[in-house]
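Any read-out appearing in this document is the output of simple, stated calculations on the displayed coordinates, not a laboratory observation. All of these numbers come straight from a predicted model, not from anything done at the bench.
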Amino acid sequence: MNIRITSTPAGEAPEEVRAAWVGLVFPVLGGPGPTTVRGFGVLSGPRSRLMAVVHRILGRRKRSSGFRVDAATAFAQLAAHSPEAIEWWRTNTPHLFRLRVFLHFDEEACTIEPE
């Protein structure tokens, strides 16, 4: 299943950086339809696997409903679409490029693409 980002997604990145996702299409990880996850903000969250465990134990994860996509896949598409936006991500969230992570786009910002 694929999703298309149709409006500026929620998140901690500046609005113009988040707006750069609009129009991009990504394969969804997991089952069909939106999922509810507990995760971290890209700026306020942990920057290592060890700190992620600490944050989980301390209950610092936020619950949200939406679609999980592979971060590496998403960043590759964003780099081709908006060099300015990907530069913000590389500068401010380098940990997301080192770790095998996923991004979570809120349900309200996405539409499911017909197969």
| Each residue of segment 31-36 in order: what ³J(HN,Hα) in whole Hz does its phi give by Karplus 6.51 cos²θ - 1.76 cosθ + 1.60, θ = phi - 60°, with x for Gly and Pro? | x, x, x, x, 10, 9
| message | Could you give the length gained by full extension between T111 and V22, i.e. 0.36 nm per residue of separation minus their alpha carbon distance, to one decimal place? | response | 30.9 nm
